Structures are given as C-alpha cells and as structure tokens.
1. Provide a single number: the residues in segment 8-21 that are surrounded by fewer than 22 Cβ atoms within 10 Å (Cβ to Cβ) and at pLDDT 85 or above.
2. Read through the list (1) at pLDDT 85 or above; (2) assigned to a helix (DSSP H, G or I), then give the number of the only condition that Val125 fails.
3. Sort out which residues of segment 247-279 are among the aliphatic types (A, V, I, L, M), within 14 Å of Ser232 (Cβ to Cβ) and not in a strand (DSSP E or B), and write them in order of number.
4. Quick check, is Ser100 at pLDDT below 85 and under 21 Å from Ala86 (Cβ atoms)?
5. Please enumerate the residues belonging to segment 90-102 that are closer than 15 Å to Gln21 by Cβ and either more than 20 Å from the chain's Cα centre (by Cα) or in a strand (DSSP E or B) (or both).
6. Keeping to segment 179-217, report how many residues are in contact (Cβ under 8 Å) with a residue 24 or more places away in the chain and over 22 Å from Asp278 (Cα atoms).
Amino acid sequence: MADLPEYRRIILDLYWSSGDQRTITMAAEFAQLLGLDLLGIYVEDEAVHGLAGLAFAREIKLPTHEWGTIHAERVAAEFRQAAMTAQRMLARTAAALGVSSAFEVMRGDPTASVTTRSRAGDIVVFAEPRMAGERMTRSFARLWQAAVASAASVLLVPFRLSRRRGAVAAVVTGRDDASLITAVRIALAANEDLLLLVPERGRRVRDEAIGVARSLGMAESRIRTRTPPALSTEGILHALADCPERLVVLDRDVLAADPDETIFAIATHCGVPVLIVDGGGTVLEGQQAGDQARP
C-alpha cells in the first residue's frame with residue numbers, strides 16, 4: 001500500500017477570495033473535519049504596486065468612467081483594508097469551529113507566492129471563479145497550473161455548493177491510488193459512505209480497492225462502486241448522476257486528454273468540492289490488459 005504523507009494544514013489563497021465567506025467557511029470546515037491547521041495567505045500584488053508608482057499610469061474610475069491618476073498611497077491602503085477584512089473573516093470563522101488558524105500577508109506575484117509557501121502534506125484551497133471567463137485569465141491560469149504541479153494537494157470549491165453531506169467519491173485505477181486512500185480517510189472522518197468509480201474492465205482493481213478500504217477501517221456495507229464508461233468529463237459525470245456525493249477525490253494524472261476541464265466540470269455540474277491528490281495514479285491500460293489476460 002502506498003505510504004502517503006499525512007496532511008498537516010489547509011492553505012487558503014485569500015488574494016482571490018478575500019471577501020468570500022463561503023470559501024473561507026468551507027476551508028475551515030475541511031480543516032475541522034481532518035483536524036488540520038488553517039493558514040490564510042493574502043498576497044499584495046507587486047505588479048499593481050509597481051504600476052501605481054509610474055507617473056504615466058492611469059485608471060478608469062467608476063461610476064464616472066473617467067481616466068485618472070493611480071495613487072500609490074490609495075492602492076496600498078486598499079490592499080491593507082482587503083487584508084484586514086480577510087484576516088477578520090478567517091479568524092472569526094476558525095474560532096467558531098475550534099480550528100487553529102494563522103494569517104500571513106505577502107508581497108509579490110500572487111500566481112507564485114501561495115504555491116511557493118506550500119509543500120507536501122498541504123491542501124491548497126481554490127474558489128471556483130464566479131464567471132467562466134475569469135478562469136481563462138492569465139493570472140488565474142498560471143496560479144492554478146502552479147498549484148496542481150506542486151507537491152501539495154488542491155481543493156477546488158465550486159461557486160454554487162449543492163450539498164454538505166453525502167458519500168465521498170474517488171476515481172480509482174489501482175489499489176495504491178492516493179485518491180483511494182485519501183477518500184477512505186475522509187469518509188471515515190466524516191462518517192460517510194465511500195463511492196469508488198472504477199473504469200470498465202477494472203474488476204480486479206475494484207476488488208483490490210474494496211480490500212484496501214476495508215483494511216483501513218471502512219465497513220464493506222458502506223462501500224459502493226460505479227463504472228464510468230471512460231475517464232473523461234462525460235464518463236465521470238455519467239457515473240456520478242443521481243449520486244448525492246459531498247466530495248470527489250481524484251488524481252489529475254489518471255484523467256483523459258483535458259484533466260483541468262474535467263475537474264472544473266465536476267465541481268460545476270455536481271456542485272461539490274473536488275480534491276486533487278498527487279501520486280499513486282497508475283496507467284489503466286496496463287491493468288486492463290492484465291485483467292483480460294487473467295483466466
């Protein structure tokens with residue numbers, strides 16, 4: 001069985017969600033569920049500070065839509081105010097749930113600062129952008145790619161949350177999958193059922209995965225399985241249809257051509273957080289060949 005690092009803390013990027021009480025609450029609840037510390041990080045964008053210091057820099061002001069000078073002092077004050085608001089919300093939410101929390105203000109590139117602060121054993125929380133177009137912005141795309149490429153796990157919280165209770169689902173392609181072991185641990189902590197999504201022709205994988213879940217303390221009566229027709233957006237959504245899951249756990253590397261599209265589609269269509277874990281994903285084709293060769 002894979003020897004996975006124990007999770008230690010939740011890291012919440014407050015640059016993107018400084019005023020988002022829903023995301024802060026979700027991060028704090030997840031930290032409470034797993035007994036983890038909660039770290040909020042607010043990054044003052046160095047590029048904005050630099051722009052405000054340029055004499056020729058201008059901004060369009062609302063509601064007059066007139067162009068005016070960018071004042072460095074006002075920009076700095078707005079950053080401080082946003083950071084203070086985020087800090088108060090984080091501290092209040094964490095205290096209400098009995099979660100140990102800390103808050104840091106950094107100055108630099110928001111697309112790199114959070115991920116350079118994280119390491120293996122951390123879970124970095126992202127809020128799904130309110131509008132699909134925001135996800136395509138260069139700054140968000142850079143931060144997302146840096147996070148999923150880091151040693152930390154990533155929790156994507158959907159803009160519209162459908163439910164807070166239900167089974168913990170995992171996309172499973174092998175008995176040592178990090179997604180399987182992580183999902184079992186979360187299901188046990190949350191006292192929820194476990195749903196294993198095992199692709200077609202993966203009977204051996206399914207049986208081994210159930211064995212691993214049982215060895216970790218999961219009662220077989222609380223383990224269910226479904227078969228997605230493919231490890232694709234359509235396949236996984238089909239397998240999750242009519243299933244009131246509260247969380248989906250998967251290894252990004254086992255997905256088909258566009259893993260990020262699948263991850264965001266699951267969060268959006270199912271209305272539940274998606275936890276992307278690292279490591280343990282094996283190549284399904286080899287397992288299928290082994291299954292077919294087995295008498």
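The values are calculated or read from the model by the stated rules, or taken from the named source; none is laboratory data. Only a predicted model underlies this, so the values are computations on that prediction, with no experimental measurement involved. Heads up, the Cβs are rebuilt from the backbone with ideal geometry, glycines too, and the neighbour counts pull from every protein chain shown.
1. Count: 3.
2. It is condition (2) that Val125 fails.
3. Hits for segment 247-279 are Val254, Leu255, Ala256, Ala257, Ile263, Ala265, Ile266.
4. no
5. Ala91, Arg92, Ala95, Ala96, Leu97, Ser101
6. The total comes to 7.
So that you can scan it fast, the table gives a plain yes or no per residue for (1) under 25 Å from Glu6 (Cβ atoms); (2) in contact with a Gly (Cβ under 9 Å, 6 or more places away or on another chain):
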| site | (1), (2) |
| --- | --- |
| Val168 | yes, no |
| Ser179 | yes, yes |
| Ala190 | yes, no |
| Val212 | yes, no |
| Arg226 | no, no |
| Thr233 | no, no |
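For (1) more than 29 Å from Leu36 (Cα to Cα); (2) small (Gly, Ala, Ser); (3) out of contact with any helix residue (DSSP H, G or I) (no Cβ under 9 Å at 6 or more places or on another chain), each residue gets a yes or a no:
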| residue | (1), (2), (3) |
| --- | --- |
| Val172 | no, no, no |
| Asp177 | no, no, no |
| Leu180 | no, no, no |
| Ala189 | no, yes, no |
| Leu196 | no, no, no |
| Glu220 | no, no, no |
| Ala241 | yes, yes, yes |
